[in-house]
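The values are calculated or read from the model by the stated rules, or taken from the named source; none is laboratory data. Note that the coordinates shown come from a computational prediction; the quantities given were computed from them, not determined experimentally. Cβ atoms come from the backbone with ideal geometry, glycine included; neighbour counts cover every protein chain shown.
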Amino acid sequence: VQDVLDEYVLHRAIREADLLQDARPWANYAQDYRPLVEFCREHRVRVVAANAPRRYVSLVARRGAGALQALLRGAPEGQQGPPGLPPLPLPPASAAYRQKFVETIASQMPPPGGAPEGGCPFIGFRASDVRAVRPEMLEAQLLWDHAMALSVARALAEGGPEAVVLHVCGAFHCAHGLGIPEALPDYADL
């Protein structure tokens, strides 16, 4: 996705329709993100695609972090894995992060039978998985936050000592100093 964003924002080489097709933005892109992206395009400010590759977050949500590690074991020697992923295994979730995750999931779920079997389009789990608070879901959320923290750390490192990075994310990913802010120190030595 980074190449597509660069082609649209920095190089102005592709149309917005191409960006939308190839970057697969969230459903709320037009309302919540488009004004920022267009501002960046107008002023040629780089937009960093900070999310982990969706297929890997979905894999972890379905089968656990071990499945992703097994998949990446087949990578050529010396290769850490795909560029959007942090080094594995990830550090375990802090007690505060785990508690926040469980409370957030519980607060957002309708009672069993109270809603159709929906799910998360990014992570790829179903409402019944959420009600059960499967450990794979926490691992997927942790991967997501660590990937975004790594992206922010890389952008800071590439920008030098005067770098400023504005990261736009949902509240869960940063509230109370958890999620991305909690993971950032793990990538401070880039």
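Annotation: Arg44 fulfils all but one of (1) surrounded by 14 or more Cβ atoms within 10 Å (Cβ to Cβ); (2) over 17 Å from Leu150 (Cα atoms); the unmet one is (1).
Out of curiosity, is Gln31 out of contact with any helix residue (DSSP H, G or I) (no Cβ under 6 Å at 6 or more places or on another chain), under 22 Å from Val165 (Cα atoms) and without any contact (Cβ under 8 Å) to a residue 40 or more places away in the chain? Yes. From the list Ala153, Ala163, Ala147, Ala106, the lone residue that is within 23 Å of Asp32 (Cβ to Cβ) and either modelled with pLDDT of 95 or more or surrounded by fewer than 12 Cβ atoms within 10 Å (Cβ to Cβ) (or both) is Ala147. Being surrounded by 11 or more Cβ atoms within 10 Å (Cβ to Cβ), assigned by TED's automatic domain parsing to the domain that holds Ala171 and touching a residue at least 24 places away in the same chain (Cβ under 8 Å) is not true of Ala75.
Residues of segment 67-103 being charged (D, E, K, R) and either in a loop (DSSP other than H, G, I, E, B) or modelled with pLDDT under 90 (or both), which ones? Across segment 67-103, the qualifying residues are Arg73, Glu77, Glu103. Once segment 13-23 is narrowed to residues that are loosely packed, with under 13 Cβ neighbours inside 10 Å and among the charged types (D, E, K, R), the residue that is farthest from the chain's Cα centre (by Cα) is Arg15.
Counting only residues that are under 18 Å from Asp6 (Cα atoms), under 14 Å from the mean Cα position of the chain (by Cα) and either of a type in the set (A, V, I, L, M, F, W, C) or outside the structural domain of Leu88 (by TED's automatic domain parsing) (or both), segment 140-175 holds 3 of them. In segment 80-106, the residues that are of a type in the set (Gly, Ala, Ser) reach residues that are assigned to a helix (DSSP H, G or I) with C-beta atoms within less than 7 angstrom, at least six apart or across chains, in these pairs: Gly81/Leu72; Gly84/Ala147; Ala93/Leu138; Ala93/Leu142; Ser94/Glu182.
I need the full set of residues from segment 166-179 which are surrounded by fewer than 16 Cβ atoms within 10 Å (Cβ to Cβ) and within 20 Å of Pro92 (Cα to Cα), in order please. Correct list: Ala175, His176, Gly177.
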